[in-house]
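Okay, so here's the structure we're looking at.
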Protein chains: 2
Amino acid sequence: MGVGLLGGSIGLAVKAAGIECRVIGYGHRRATLDSALEMGVIDEAREKPEDAVVDSDWVILCTPVGLFEALLKQIAPALAPGTIVTDVGSTKRSVVTIAESALQQSAHFVGSHPMAGSEKRGVEFARADLFKGARCILTPTAQTDPAALRSVDEFWQALGMRTVQLMPDDHDRLVCDISHLPHSVAAALVAMQQDEALALAGGGFLDTTRVAGGDGGLWRDILLDNRDNVAASLKRFRGELDELLGMLQPDQGERLRQWLDAAAQRRAHLLATKLKELHPE
Amino acid sequence: MGVGLLGGSIGLAVKAAGIECRVIGYGHRRATLDSALEMGVIDEAREKPEDAVVDSDWVILCTPVGLFEALLKQIAPALAPGTIVTDVGSTKRSVVTIAESALQQSAHFVGSHPMAGSEKRGVEFARADLFKGARCILTPTAQTDPAALRSVDEFWQALGMRTVQLMPDDHDRLVCDISHLPHSVAAALVAMQQDEALALAGGGFLDTTRVAGGDGGLWRDILLDNRDNVAASLKRFRGELDELLGMLQPDQGERLRQWLDAAAQRRAHLLATKLKELHPE
């Protein structure tokens with residue numbers, strides 16, 4: 001459901017992984033569905049969500065998080081009992097609560113957050129290898145069906161992902177720090193610039209602000225949905241900037257160097273870990 | 001003088017541009033000079049700065065900014081009258097003041113800031129095309145010799161750079177916003193993370209923090225040298241984060257979306273401009 005970058009890439013990745021199935025796409029724009037059919041991203045297109053799920057064993061929600069509630073209410077009556085429903089949403093507390101309440105016993109919901117994507121948007125950027133080596137966080141709760149959890153876990157692994165399980169609360173808090181906060185910071189870095197400074201910007205500035213190229217509507221939904229964590233992260237981050245301000249004194253040079261070196265080393269360690277995950281020997 | 005990433009790349013770029021000259025490298029580590037000789041980055045190596053400049057028409061300072069003062073005092077007596085001296089330092093007010101006072105009338109100083117490089121360090125990462133299409137800011141003053149300014153301008157252009165002239169004050173203020181501030185912010189983003197969040201970080205986080213991989217000593221020099229501007233930029237940036245905090249309310253969704261979209265569009269425009277500069281039709 002939702003044939004954009006993520007939904008489209010799932011379609012391609014499922015075929016590339018050799019999973020036997022028919023991929024049915026729902027989208028509210030006919031042109032998108034036609035592109036998706038043409039690209040071989042989906043096998044069938046449906047213009048009503050309830051028509052897309054009626055004969056499905058599996059449903060993956062790939063629309064913006066803000067649309068989940070309405071969509072789940074619309075599809076719930078059409079789902080066969082035992083249907084597995086998962087999603088690709090960047091926040092999990094609200095999604096899991098909404099899904100468990102909307103689906104009740106009729107279907108098995110398992111929250112997923114495949115941490116892959118880019119600032120690009122739309123099915124035309126879909127790639128079969130988008131998920132390879134990246135992490136997928138599953139957020140089961142006490143209500144989650146264990147067999148459904150296993151199936152969803154195996155599904156993302158079949159697409160090449162490294163799965164990990166977290167409570168919805170922990171997911172939203174931790175992902176805020178390493179994704180929602182960096183996005184906010186990158187957008188603020190662009191927003192505060194004067195044109196004459198921006199004219200001098202180079203590759204470093206473009207890299208630092210790459211994530212800020214993401215779609216505003218999508219990110220508004222994420223930031224508002226996770227606003228308590230975003231506010232807490234922003235405040236902690238502001239505290240770190242205050243630390244730095246305190247070190248901008250000639251007699252603090254050694255402390256400043258250590259702070260900068262520690263950040264550089266920590267990032268180098270992270271990069272080495274990620275490269276090893278992506279390209280294991 | 002200084003055979004690292006920038007000094008080494010200048011050596012390679014000068015040869016690639018077909019400029020007739022002998023490149024003499026000064027460095028305080030023999031191993032670095034030997035690597036530079038082996039890579040063809042320099043034609044001759046000297047272990048004392050005054051020996052490196054004694055027969056030179058041109059001197060380019062490529063050591064960290066913090067070493068400039070001592071270095072300039074050491075080479076000043078050895079420079080032939082009329083020698084052109086420039087640099088690659090990331091700050092310009094202090095550099096220009098120090099250089100003009102240290103060199104007096106004996107040589108012609110022109111401040112340069114070639115905005116190329118990476119978070120990597122060392123001659124082994126030197127590349128002949130490092131400067132191609134990137135910007136170089138020249139910071140002449142009332143004392144600058146016009147012919148020397150022209151020569152330095154033509155030199156960077158011969159290496160493929162797009163030159164622009166700014167007053168040292170304006171340089172330090174504007175470059176702070178698009179380079180020193182993003183570096184500070186990226187380092188703070190790494191520094192404030194908890195290990196359990198960092199374990200979930202992906203490509204977005206690595207891109208946002210790439211510049212924080214730079215050398216701590218080098219960046220300490222830059223941030224301290226430009227500390228008044230860095231503090232002012234950090235405070236303006238903090239104000240932008242406060243704006244964002246105020247928009248994290250459900251009834252501010254439209255304002256938040258516009259703020260995010262404006263940042264995305266501004267960055268997209270910048271990216272398009274830079275790509276056009278790098279690859280003109």
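Scan the range B:155-178 for residues that are surrounded by fewer than 20 Cβ atoms within 10 Å (Cβ to Cβ), in contact with a strand residue (DSSP E or B) (Cβ under 6 Å, 6 or more places away or on another chain) and in contact (Cβ under 8 Å) with a residue 40 or more places away in the chain and the total you get is 1.
Here B:V59 does not fit the description of being surrounded by 15 or more Cβ atoms within 10 Å (Cβ to Cβ), assigned to a loop (DSSP other than H, G, I, E, B) and assigned by TED's automatic domain parsing to the domain that holds B:K73.
Residues of the range A:157-170 that are in a helix (DSSP H, G or I) and more than 9 Å from every other protein chain (Cβ to nearest Cβ): A:Q157, A:A158, A:P168, A:D169.
Within the range B:184-199, being within 18 Å of A:A272 (Cβ to Cβ), facing chain A (nearest Cβ under 7 Å) and surrounded by fewer than 20 Cβ atoms within 10 Å (Cβ to Cβ) holds for one residue alone: B:L198. If you go through the range B:237-281 and keep only what is among the basic types (K, R), at the interface with another protein chain (Cβ under 7 Å from one of its Cβ atoms) and under 18 Å from A:A201 (Cα atoms), you end up with B:R266, B:R267, B:K274.
This table checks each residue for (1) more than 20 Å from the chain's Cα centre (by Cα); (2) more than 28 Å from A:D169 (Cα to Cα); (3) in a helix (DSSP H, G or I).
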{"residue": "A:L200", "(1), (2), (3)": "yes, yes, no"}
{"residue": "A:L206", "(1), (2), (3)": "yes, yes, yes"}
{"residue": "A:R220", "(1), (2), (3)": "no, no, yes"}
{"residue": "A:D261", "(1), (2), (3)": "yes, yes, yes"}
{"residue": "A:R266", "(1), (2), (3)": "yes, no, yes"}
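Scanning the range A:16-33 for residues that are buried (at least 17 other Cβ atoms within 10 Å of the Cβ) and either part of a strand (DSSP E or B) or of a type outside the set (G, A, S) (or both) yields A:V23, A:I24, A:G25, A:Y26, A:T32, A:L33. In this structure, does A:L181 turn out to be touching a residue at least 24 places away in the same chain (Cβ under 8 Å), in contact with a Leu (Cβ under 7 Å, 6 or more places away or on another chain) and either buried (at least 21 other Cβ atoms within 10 Å of the Cβ) or assigned to a helix (DSSP H, G or I) (or both)? For A:L181, the condition - touching a residue at least 24 places away in the same chain (Cβ under 8 Å), in contact with a Leu (Cβ under 7 Å, 6 or more places away or on another chain) and either buried (at least 21 other Cβ atoms within 10 Å of the Cβ) or assigned to a helix (DSSP H, G or I) (or both) - is met.
Do the conditions hold for A:E100, that is, is it within 14 Å of chain B (Cβ to nearest Cβ), touching a residue at least 24 places away in the same chain (Cβ under 8 Å), over 16 Å from the mean Cα position of the chain (by Cα) and surrounded by 15 or more Cβ atoms within 10 Å (Cβ to Cβ)? No. Looking at the range A:145-154, is at least one residue touching a residue at least 60 places away in the same chain (Cβ under 8 Å), more than 9 Å from chain B (Cβ to nearest Cβ) and surrounded by 24 or more Cβ atoms within 10 Å (Cβ to Cβ)? Yes, because at least one residue in the range A:145-154 is touching a residue at least 60 places away in the same chain (Cβ under 8 Å), more than 9 Å from chain B (Cβ to nearest Cβ) and surrounded by 24 or more Cβ atoms within 10 Å (Cβ to Cβ).
When every residue of the range B:34-46 is checked against the conditions, at least one turns out to be in a helix (DSSP H, G or I) and of a type in the set (S, T, Y). Screening B:L223 against (1) more than 7 Å from every other protein chain (Cβ to nearest Cβ); (2) surrounded by 20 or more Cβ atoms within 10 Å (Cβ to Cβ) leaves a single unmet condition, (1).
Do we find that B:F68 is part of a helix (DSSP H, G or I) and either assigned by TED's automatic domain parsing to the domain that holds B:A148 or in contact with a strand residue (DSSP E or B) (Cβ under 8 Å, 6 or more places away or on another chain) (or both) in this structure? Show your work before the answer.
Working: part of a helix (DSSP H, G or I): yes; either assigned by TED's automatic domain parsing to the domain that holds B:A148 or in contact with a strand residue (DSSP E or B) (Cβ under 8 Å, 6 or more places away or on another chain) (or both): yes.
Yes.
In the set B:R210, B:R127, B:R135, only one residue is within 30 Å of A:K274 (Cα to Cα), of a type in the set (K, R) and facing chain A (nearest Cβ under 10 Å); that residue is B:R210. Taking the listed residues A:G89, A:G133, the one that is in contact with a Gly (Cβ under 9 Å, 6 or more places away or on another chain) and surrounded by fewer than 23 Cβ atoms within 10 Å (Cβ to Cβ) is A:G133, with no other qualifying.
The values are calculated or read from the model by the stated rules, or taken from the named source; none is laboratory data. In this text, all values refer to a predicted model and were calculated from it rather than measured experimentally. For neighbour counting, all protein chains shown are included, and Cβ atoms are generated from backbone atoms with ideal geometry for every residue, glycine included.
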